[in-house]
Amino acid sequence: MSILFKLSFFLTFLGLLLSIKGVGQKSTNQLPKTATLRSSVRSSFKANEFNLPVLNNEDEIVEARKIKEEQCSTCRKDYYGRFLDVNLDLKSQGLSYELEDGTIWLLRISSLSALGLQFYFKKFVIPPGSYLHIYNDNQTQLLGAFTIDNLNPDERFATSIIHGREAVVEYFEPKRVQFSGRVFLEGVGHVFEDMRAGGSTIQDPGSCVVDVNCQEGNALNAEKKSIAWISTLDSNNKRLAKCTGFLINSNQSSNPPSFLMTAGHC
């Protein structure tokens with residue numbers, strides 16, 4: 001199976017830590033540039049809009065199950081989304097606004113039927129001082145800031161899920177930089193299964209398995225933070241799949257690296 005991207009989502013009680021290819025995807029607490037502007041200025045900013053094709057979620061679920069039966073009938077891998085090809089240069093197709101200290105580019109990605117959106121960049125190369133955010137319309141869900149610390153050797157980058165039918169991609173670049181940033185989006189994941197807490201369909205593990213979030217699992221409150229939700233993109237059928245794993249590390253090491261252990265089908 002050919003995999004373009006592999007994302008490991010480490011679920012904790014406080015939030016979501018995302019890693020790509022085993023390298024932690026850091027984000028800072030820096031707010032989007034638009035959020036730091038006066039409300040009168042911010043309200044005048046609009047974003048160019050890119051509309052994704054409309055998919056029937058029920059049909060996508062049926063097709064995903066068919067693919068699983070044909071290709072992965074014995075594994076617990078479940079498809080939750082479909083990869084949609086796009087070719088978007090944020091600087092060319094986003095709406096730009098010149099500020100005293102730099103430039104903002106805004107691009108809204110919309111779908112009439114998606115339950116969530118996931119973003120795949122074929123090129124994410126930005127200079128020091130620049131940062132990228134992705135958020136929903138009212139910024140109740142915010143990814144980023146992603147900075148120079150998020151650059152990968154292959155120049156690719158991917159994100160976790162923004163729930164809902166639309167998201168805004170915002171990129172800020174200061175006036176004086178070492179080079180001009182390049183932010184190219186090659187795909188958007190159309191989520192057709194509700195991935196929010198309580199919404200995802202999970203197979204019954206059986207009566208012998210105790211849910212670690214129940215009272216019986218209280219003794220494992222620290223250990224359960226090592227559990228990972230893993231998202232993979234299968235380039236053979238352009239479907240997004242989910243499975244699980246867990247972090248392990250030597251008890252003699254105070255400074256990981258940690259390793260992610262998971263089943264072979266991930």
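The values are calculated or read from the model by the stated rules, or taken from the named source; none is laboratory data. What you see is a predicted model, and the numbers here were worked out from it, not measured in a lab. FYI the Cβ positions are ideal-geometry reconstructions off the backbone, even for glycines, and counts take in every protein chain you see. Just the protein is used for accessible areas: all its heavy atoms, side chains included, with ligands, DNA and RNA removed. Shrake-Rupley method; radii C 1.70, N 1.55, O 1.52, S 1.80 Å.
This table checks each residue for (1) under 23 Å from residue 160 (Cα atoms); (2) at pLDDT below 95.
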site: 76; (1), (2): yes, yes
site: 83; (1), (2): yes, no
site: 86; (1), (2): yes, no
site: 95; (1), (2): no, no
site: 109; (1), (2): yes, no
site: 121; (1), (2): yes, no
site: 126; (1), (2): yes, no
site: 130; (1), (2): yes, no
Considering only residues of segment 185-198 that are at pLDDT below 95 and in contact with a strand residue (DSSP E or B) (Cβ under 6 Å, 6 or more places away or on another chain), which is farthest from residue 61 (Cα to Cα)? 196
Qualifying residue in segment 51-63 (condition: open to solvent by less than 50 Å² (accessible area, probe 1.4 Å), part of a helix (DSSP H, G or I) and touching a residue at least 24 places away in the same chain (Cβ under 8 Å)): yes
Taking segment 147-173 and the residues there that are in a strand (DSSP E or B) and within 20 Å of residue 230 (Cβ to Cβ), the one that is most open to solvent (accessible area, probe 1.4 Å) would be 163
Does at least one position in segment 232-250 carry a residue that is at pLDDT below 80 and over 30 Å from residue 67 (Cα atoms)? yes
Yes/no for residue 141 being closer than 30 Å to residue 61 by Cβ, of a type in the set (S, T, N, Q), open to solvent by 20 Å² or more (accessible area, probe 1.4 Å) and under 16 Å from the mean Cα position of the chain (by Cα): yes
Residue by residue through segment 99-128, note down the ones that are assigned to a loop (DSSP other than H, G, I, E, B), closer than 14 Å to residue 182 by Cα and open to solvent by 40 Å² or more (accessible area, probe 1.4 Å). 128
Open to solvent by 70 Å² or more (accessible area, probe 1.4 Å) and either at pLDDT 95 or above or farther than 26 Å from residue 175 by Cα (or both): does that describe residue 29? no
For residue 182, are the conditions met, namely being open to solvent by 80 Å² or more (accessible area, probe 1.4 Å) and modelled with pLDDT of 95 or more? yes
Among the numbered conditions (1) among the hydrophobic types (A, V, I, L, M, F, W, C); (2) farther than 20 Å from residue 47 by Cβ; (3) over 12 Å from the mean Cα position of the chain (by Cα), tell me where residue 158 comes up short. (3)
Test residue 96 against the stated conditions and say whether it is assigned to a strand (DSSP E or B), open to solvent by 50 Å² or more (accessible area, probe 1.4 Å) and among the small types (Gly, Ala, Ser). yes
